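**Student:** I am attaching a structure below and will ask some questions about it afterwards.
The values are calculated or read from the model by the stated rules, or taken from the named source; none is laboratory data. All values reported here derive from a predicted model rather than from experimental measurement. In this analysis, Cβ positions are derived from the backbone assuming ideal geometry, glycine residues included, and neighbour counts consider all displayed protein chains.
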Amino acid sequence: MGYCCRYDGRTSPSETLLNRAAKEAVVPICPEELGGLSTPRTPCDLRGGNGFDVLEGRAGVVDREGNDVTRAFLRGAFAALKRIRENNIQFCFLKDKSPS
């Protein structure tokens, strides 16, 4: 969407999404920021499984300095879900390669 909320403080806009946003309402959400992580922030990776495994407590999210940031990612995911429900959002576009 053009917001500077990537881990490195930059943006990586999607032309497809920008074109869609010009025609209909879009609610941009950054789960990492909603979870309390800063921008910029240390890059993070899933460890021990996928997102479903994180939700089940079998995997986690760790930043590249070795800090476990799973709680922040879970907080952000549930805050994003809350916004999605509040706004009756029907379609979600997820950013490629994001641990969220």
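**Student:** Restricting to the range 44-100, and then to whatever is among the acidic types (Asp, Glu) and in contact with a strand residue (DSSP E or B) (Cβ under 7 Å, 6 or more places away or on another chain), can you tell me which residue is farthest from Pro13 (Cα to Cα)? Before the answer, list the steps.
**Tutor:** If we filter the range 44-100 for residues that are among the acidic types (Asp, Glu), which is where we start, we get 45, 53, 56, 63, 65, 68, 86, 96.
The next check asks that each one be in contact with a strand residue (DSSP E or B) (Cβ under 7 Å, 6 or more places away or on another chain); those that pass are 45, 63, 68.
Values: Asp45: 21, Asp63: 23, Asp68: 28 Å.
Result: Asp68.
**Student:** Hey, another quick one. May I ask you to say which residue of Pro40, Pro28, Pro13 is in contact with a Phe, Trp or Tyr (Cβ under 7 Å, 6 or more places away or on another chain), over 17 Å from Gln90 (Cα atoms) and in a loop (DSSP other than H, G, I, E, B)?
**Tutor:** On the way: Pro28 fails: over 17 Å from Gln90 (Cα atoms); Pro13 fails: in contact with a Phe, Trp or Tyr (Cβ under 7 Å, 6 or more places away or on another chain).
Residue meeting the stated conditions: Pro40.
**Student:** Answer with yes or no whether Val61 is surrounded by 15 or more Cβ atoms within 10 Å (Cβ to Cβ), within 17 Å of Pro99 (Cα to Cα) and not acidic (Asp, Glu). Spell out the reasoning first.
**Tutor:** Values: surrounded by 15 or more Cβ atoms within 10 Å (Cβ to Cβ): yes; within 17 Å of Pro99 (Cα to Cα): yes; not acidic (Asp, Glu): yes.
So Val61 passes the test.
**Student:** Additional query: Have a look at Leu46, Leu94 and point out the one that is of a type in the set (A, V, I, L, M, F, W, C) and surrounded by 11 or more Cβ atoms within 10 Å (Cβ to Cβ).
**Tutor:** Working: Leu94 fails: surrounded by 11 or more Cβ atoms within 10 Å (Cβ to Cβ).
Within the list Leu46, Leu94, the selection yields Leu46.
**Student:** With the requirement that a residue be part of a helix (DSSP H, G or I) and β-branched (Val, Ile, Thr), what does the range 66-86 give you? Steps first, answer last, please.
**Tutor:** Step one: list which residues in the range 66-86 are part of a helix (DSSP H, G or I), which gives 70-86.
Result: Thr70, Ile84.
**Student:** Using beta carbons and a limit of 6 Å, which pairs, at least six apart or on different chains, have the first residue in the range 73-98 and more than 19 Å from Ala25 (Cβ to Cβ) and the second one at pLDDT 95 or above and among the hydrophobic types (A, V, I, L, M, F, W, C)?
**Tutor:** Partner pairs satisfying both residue conditions: Phe73/Val61; Gly76/Leu34; Ala79/Leu34.
**Student:** Test of understanding: among Glu33, Glu56, which residue is surrounded by fewer than 11 Cβ atoms within 10 Å (Cβ to Cβ) and acidic (Asp, Glu)? Walk me through it before giving the result.
**Tutor:** Working: Glu33 fails: surrounded by fewer than 11 Cβ atoms within 10 Å (Cβ to Cβ).
That would be Glu56, the only listed residue that is surrounded by fewer than 11 Cβ atoms within 10 Å (Cβ to Cβ) and acidic (Asp, Glu).
**Student:** State whether one or more residues within the range 23-33 are charged (D, E, K, R) and touching a Ser or Thr at 6+ places or on another chain (Cβ under 9 Å). Explain how you work it out, then say what you get.
**Tutor:** From the range 23-33, those charged (D, E, K, R) are 23-24, 32-33; that's our starting set.
Subset that is touching a Ser or Thr at 6+ places or on another chain (Cβ under 9 Å): 32-33.
Looking for residues that are charged (D, E, K, R) and touching a Ser or Thr at 6+ places or on another chain (Cβ under 9 Å), one finds at least one in the range 23-33, hence yes.
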